[in-house]
Amino acid sequence: MIETIKKIGVVKMDIKNTVKSSIKNLDKYPKWLVSKYKSFVREKAIERVKKELKLRQKDMSDFTDDEMESLLAEEEKEVEKKYKFNSLYAMLAILGINVF
């Protein structure tokens, strides 16, 4: 029983590492696909930053270009993480592996 649990844990870690490495290794995909992915992530990050600024009752003009770029970079990382783990959960669900 313990061996089975260990094997399942190894499989989860292998899948997680595979997803992480595939996100980092976008060079092997066509350039049009990579640029489409990056623009999608950028648009989602801009939407999230605008929403956050609206909640805080701030305007984009209150920040310098460097500060806005920093906010967008942080949100891009969050968007990538969100979609990366959602795709991981979908893949695990298809394989019949329960994560929760």
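Specify the inter-centroid distance of region 78-92 and region 37-61, based on alpha-carbon positions, in whole Å.
Value for the Cα centre distance between the two parts: 20 Å.
For Gln57 and Lys82, calculate 0.36 nm times their separation in residues minus their Cα-Cα distance, and state this gained length in nm to one decimal.
Details: separation 25, 0.36 × 25 = 9.00 nm, distance 2.54 nm.
Length difference between fully extended and current span is 6.5 nm.
Could you please report the charge total around Asn86, scoring K, R as +1 and D, E as -1 over all other residues with beta-carbon less than 13 angstrom from its beta-carbon?
+2
What ranking, highest mean first, results for peptides 59-68, 36-45 when packing means the other Cβ atoms within 10 Å averaged over each residue?
Details: 59-68: 10.5, 36-45: 14.2.
Ranking, from highest mean packing down: 36-45, 59-68.
Report, in listed order, any pair from Lys28/Lys50; Lys28/Lys54; Lys31/Lys84; Lys28/Lys58; Lys28/Lys51; Lys31/Lys54 with a Cα-Cα distance greater than 31 Å. Walk me through the intermediate numbers first.
Values: Lys28/Lys50 33 Å; Lys28/Lys54 38 Å; Lys31/Lys84 19 Å; Lys28/Lys58 40 Å; Lys28/Lys51 34 Å; Lys31/Lys54 34 Å.
From Lys28/Lys50; Lys28/Lys54; Lys31/Lys84; Lys28/Lys58; Lys28/Lys51; Lys31/Lys54, over 31 Å: Lys28/Lys50; Lys28/Lys54; Lys28/Lys58; Lys28/Lys51; Lys31/Lys54.
Since every read-out is calculated from the coordinates, none of them should be taken as a lab result. Small disclaimer: the values here were computed from a predicted structure and weren't measured. Don't worry about glycine lacking a Cβ; one is built from the backbone with ideal geometry, like all the others, and counts go over all protein chains shown.
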